[in-house]
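**Q** Got a structure here, written out as structure tokens. Questions coming.
Just so you know, all these numbers are worked out from the coordinates, no wet-lab data involved. Owing to the predicted nature of the structure, the values given are computational and were not obtained by experimental measurement. Reconstructed Cβ throughout: ideal geometry from the backbone, glycine too, with neighbour counts over all protein chains shown.
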Amino acid sequence: TAPGYAPSLRSRLPLVAFLLETIFILLFVFFVKIEHNGNAFLSTEFQDIHVMIFMGFGFLATFLLRYGFSGSGFNVLLAAMAIQWAVLMNGFLLPQRHHKREIHISMKSMIEAELCAASALVAMGAVHGKTNPVQYKFIFKISHILISSIMLLHVFGALFGVMVSWVLYREGIEPVHEKEKTDRKTGLFAMFGTLFLWMFWPSFNSAMVRDHKWERGLKLTVIYGTYLSLAVSVVMAMSVSMLTSAKGKMNMVHLQSSTLSGGVAIGVAMTAVHTPWIAMTIGFCASLLSALGFCYMKNHMLFAFECHDTCSVLNVHAVPGILGWFALLFLRLASDESTIAVQFAVYHICVLLITACMSLVMGTATGPTTLIHIWRPQQDRKCFDDQAFWEFPNLVVQK
Amino acid sequence: TAPGYAPSLRSRLPLVAFLLETIFILLFVFFVKIEHNGNAFLSTEFQDIHVMIFMGFGFLATFLLRYGFSGSGFNVLLAAMAIQWAVLMNGFLLPQRHHKREIHISMKSMIEAELCAASALVAMGAVHGKTNPVQYKFIFKISHILISSIMLLHVFGALFGVMVSWVLYREGIEPVHEKEKTDRKTGLFAMFGTLFLWMFWPSFNSAMVRDHKWERGLKLTVIYGTYLSLAVSVVMAMSVSMLTSAKGKMNMVHLQSSTLSGGVAIGVAMTAVHTPWIAMTIGFCASLLSALGFCYMKNHMLFAFECHDTCSVLNVHAVPGILGWFALLFLRLASDESTIAVQFAVYHICVLLITACMSLVMGTATGPTTLIHIWRPQQDRKCFDDQAFWEFPNLVVQK
Amino acid sequence: TAPGYAPSLRSRLPLVAFLLETIFILLFVFFVKIEHNGNAFLSTEFQDIHVMIFMGFGFLATFLLRYGFSGSGFNVLLAAMAIQWAVLMNGFLLPQRHHKREIHISMKSMIEAELCAASALVAMGAVHGKTNPVQYKFIFKISHILISSIMLLHVFGALFGVMVSWVLYREGIEPVHEKEKTDRKTGLFAMFGTLFLWMFWPSFNSAMVRDHKWERGLKLTVIYGTYLSLAVSVVMAMSVSMLTSAKGKMNMVHLQSSTLSGGVAIGVAMTAVHTPWIAMTIGFCASLLSALGFCYMKNHMLFAFECHDTCSVLNVHAVPGILGWFALLFLRLASDESTIAVQFAVYHICVLLITACMSLVMGTATGPTTLIHIWRPQQDRKCFDDQAFWEFPNLVVQK
């Protein structure tokens, strides 16, 4: 391949996609049935989460000036594969899903599949713009373990993605890549994706929450809590963004990331939050930490650890996720009886440690395998550039 | 009119609109009542389809660089008139809708009106950019026959539109019009419309499906089937688009069209699809055919048949629609008893033939009447150009 | 501060936001509880209105070429604060909401809070681009009285905003500010926000409507009425826009405003509208008045009264709102018995007069207080300009 062009994926991507789809369809032939006597009681939540995954994540990723087609296009491609893969994996790995060796599709299993896809998309955020779609697919297959809780989703996804990004760090990329830019219009497209995530986050958090007999209205409590936490997040994210800027101006990219941190934190802690003010306080702290992290930690990580985190998933998902984890631990310890509380604390700490270790190990292990030449990584100067992957036959040249 | 300007529609469009609205209101006075004891059980499906018609179709049509205002503006205008017209026509033409010479409005009749509007908008896709809104309105009034099934909607709409476009073929337009272009931003706007259609397609297909006693969960089966078929479609559309490109790059316009073909095909065949893998296979084949058709058939039609199909509705709606029709025929023949199967096959083939003939004849007949000078068609060089219809008083000139 | 830069808000906005959020959280600690035995029956309406407030109003305000970030960003900031404020104010001011000195959060109170936010955002529309976010917050706190009906929402919000804008009129701004422009792309973004408002307006109007025993199906009647009224509005807005243009071309900004007027008018009159044709006639008249007002009244107000109304809220909200008020009066008088009718008429006229007086007085009183130097208003030449408030570190310079 000439140095001017990115390596053609013509012989890679279609082959991989064709192969995977054939395997998926064959596996679906033998194992997957539709649950006929299911009811449609989760269908509005499903629709909301569907919009978040495909519209919200997709357009949030269009903030790069020259990477909008890839941002939204690859998001759809990966999420569509993720869902098929997650239906199969959730069925195979969780024994209680088997019904006489059959996987049954229901609204619940579809929502779980979308949450798995969300986790993979969070991981993708860290390497956004620096890998090609075949590498994406490979990373994503690995990252796609079972997501049984929202905490796991955010923390695992973010740490995994950051580790992969650390391994994939390219010497050739100067700290600030010339193509890693936004303009007025891409800022609005990204704002648009952010708002979709923001608006439907209450459904995202509450979808898997069931009302118990001994705890009525838990679902509604989660909805109101997420809603208020996100409202506080917005205000704090804008304030901190203005406060940390020398000229007293806000930064659209900070805003787009930190407004969502309240939803992440409350999503992890939600089962123990019963009053609105606790939800608002969690949202307050989460967006404060996230916005400060965005201002100071992102560049620090880049220079000190040589880890480039395109969408800053560490600040948007990992930090608020861990904050929410502490909030949950604290709230549970404050409310429960002593013996149960100790049991919960031990279990809870173990889950976080195992998640963190697994994500770090798997991320570090996945990185090198994506570097091998068979996946045809793009050159340094083709990073953050749509033209490596997309035809622009009718593009106005003089613009 | 000076050659530099498109003919002014000032004396045409307002008159036609004013007249039509007056007639509509008068007809509503005498014939239309609200069904007071209806319930709201279809309201979420209605809302989803409403979003698809006005947001999805509207923004899918903004992909042309200089035709974005017209794409979304005329879409809203036509769909808004289509719905009023369809409420009246469905009431007058279907005798079972009369209740003592009254047409009753219910969620069901509103959804049917939106589906009729969808059919008209599909037909519009073929002549998009080459006709003015008065012609649009005229074409649309003709095309607006009763849509009683989803198959009719796609196949009739697409064939009708293609025939009108064939009749309207302008010698003066060179095969590739200089203004028929996209850029990065309009590609994202169109992606945005595509995603809205894509995400809510399960509601579109399942809205008119009712659960029977003897076939429980049919509605849910349709939802899951459409969902999986669309997921496979996305993957295949991107792969084929990359495979058919010389440089191994994807084409955004292909992607935006072919991802939807799985939804079209499964929408026609859905009543006979009971397992996920059949739905996925139909989506697989539909997007394969549609993407290949987009690459090879669109230009072939332009040069060999002198038929210019702006939004490629033939490949997006007609081809997958007919594929779905074959799938339905095959699945029914395979499952039913012999006598019923033969009856079904005969009926089924007749429906397709009648639909195709009607659409071809009506399309060919509608074309010439739209050409007469009274409708003031725009000149060749004002095709695909917003400035024929929209004021840009504050437009930044130097851009 | 150098004359070239807008005054930095670094010491103002974060302080105000931090203070307000702390106060909000403290008040929530002592007064606000979640209503645990509430049910989720209004949750779809709530979600629709949520989308309208944050997505619809936000992107409708992006139509200015250089003010897109502020349009959507400040909208989210203000709406997020408005909701928290409205939950508290509605609870404190309405005695029937107190339950033993506690404010209970339910879907109903959340929807009311969103409607209050809508009223504030309507008022903001009049001063859009000419005030900074700290002034916005201040204006908004004042404007935020209790909204108990949709009529109040539109008429109060619009008149209040216009009065504030009249007081804030800057001599330095020439009648047509050089930065008050749109282009093709911002027109599409605004179209996008308009469509979200347009599509979900039926939910907006019907959310607070309850079915009575003596009037079955009132909610559905409102939904169908709003829907048809908006459909007629679209057609008439485009026609009038074309008719009033010298060259027979449509104006995107007229269209974006006047299409919504049908929803405003029917929203005020809806409880008395029982047949589709009345709804359509109201939509017809409202969009006619609104579009004519947009063409002639906006500039007249600017030159004769020195009142600059950026989003033309007078024509979009006040005029159709008052039209709807007359329709309601007329329909009630025509249907009710004489004694009740007179009582209703007196009450009805009083409500409008009180609303108008309060909005005018409060608007005039609010204006001067926002002008004091402590809020740091931007200079004339920084009006309608994002660069006063937003960092563009990575902005492509040569664009």
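**Q** Across the residues of C:18-26, average count of Cβ atoms on other protein chains within 10 Å?
**A** Mean shielding by partner chains, rounded to a whole number: 4.
**Q** Another question about this same structure. In sequence order, what are the phi-derived ³J(HN,Hα) couplings for the stretch B:346-359 according to the Karplus relation 6.51 cos²θ - 1.76 cosθ + 1.60 with θ = phi - 60°, rounded to whole Hz, with x for glycine and proline?
**A** Once θ is set to phi - 60°, the couplings for the stretch B:346-359 become 4, 4, 5, 5, 4, 4, 4, 4, 4, 4, 4, 4, 4, 5 Hz.
**Q** Output, in nm with one decimal and in ascending order, the distances from the C:Val29 label point to the matching label points of the other copies (7 Å from Cα along Cα-to-Cβ).
**A** 6.5, 6.5
**Q** To continue, here is another question. Long-range amide H contacts for C:Ile105: which residues qualify at under 5 Å (H placed 1.01 Å from N, peptide plane, sequence gap of 5 or more or a different chain)?
**A** C:Lys33, C:Ile34, C:Glu35
**Q** Could you pull out every residue, at least 5 positions away or on a different chain, whose amide H is within less than 5 Å of the one on B:Met250? Hs are placed 1.01 Å off N in the peptide plane, and Pro or chain starts have none.
**A** Amide H neighbours of B:Met250: A:Trp390, A:Glu391.
**Q** Let me ask another. Determine the sum of side-chain charges near C:Asn205: Lys and Arg each +1, Asp and Glu each -1, restricted to other residues whose C-beta is under 12 angstrom from that of C:Asn205.
**A** Within the 12 Å Cβ shell, the charges total -1.
**Q** Just checking the output field for A:71-83: average partner chain Cβ neighbours within 10 Å of each residue's Cβ?
**A** 5
**Q** Going 7 Å from Cα along the Cα-Cβ axis for the label, what nanometre distances separate A:Met358 from the same residue across the other copies?
**A** When each copy's label point is compared with this one, the spacings are 5.7, 5.7 nm.
**Q** In whole angstrom, how far apart do the alpha carbon centroids of the stretch C:179-249 and the stretch B:221-245 sit?
**A** For the stretch C:179-249 versus the stretch B:221-245, the Cα centre distance is 34 Å.
**Q** Oh, and also: For the pair A:Val29/B:Thr275, report the inter-label distance in nm, with labels modelled 7 Å from Cα in the Cβ direction.
**A** Reported label-point gap for A:Val29 and B:Thr275 is 0.9 nm.
**Q** Taking a label point 7 Å out from Cα toward Cβ, give me the nm distances from B:Ser11 to the same spot in the other copies, shortest first, one decimal.
**A** Result for B:Ser11, in nm, nearest copy first: 6.6, 6.6.
**Q** Can you give the mean number of other chain Cβ atoms that lie within 10 Å of the Cβ atoms in peptide A:110-119? Please list the in-between numbers first.
**A** Numbers: counts 4, 0, 0, 2, 0, 0, 0, 0, 0, 0.
So the per-residue partner count for this stretch is 1.
**Q** On a 21 Å Cα-Cα criterion, which of the cross-link pairs B:Lys181/B:Lys298; A:Lys247/B:Lys185; A:Lys185/C:Lys249; A:Lys181/C:Lys185; B:Lys179/C:Lys185; C:Lys181/C:Lys298 come out too long?
**A** Where the Cα-Cα span goes over 21 Å, the pairs concerned are A:Lys247/B:Lys185; A:Lys185/C:Lys249.
**Q** Filter the chymotrypsin sites (Phe, Trp or Tyr not before Pro) in the stretch A:240-305 to those in DSSP coil with at most 16 other Cβ atoms within 10 Å of their Cβ, and list the result.
**A** Values: sites: A:Trp277, A:Phe284, A:Phe294, A:Tyr296, A:Phe303, A:Phe305; in loops: A:Phe305.
Qualifying residues, ordered by number: A:Phe305.
**Q** So, by mean Cβ neighbours within 10 angstrom, what's the order for B:102-109, C:247-254, C:152-159 with the highest one leading?
**A** For the peptides B:102-109, C:247-254, C:152-159, the packing ranking is C:152-159, C:247-254, B:102-109.
**Q** If you don't mind, another one. Kirkwood hydrodynamic radius (Cα pairs, Å) of the stretch C:231-340?
**A** The Cα-based Kirkwood calculation yields 14.3 Å.
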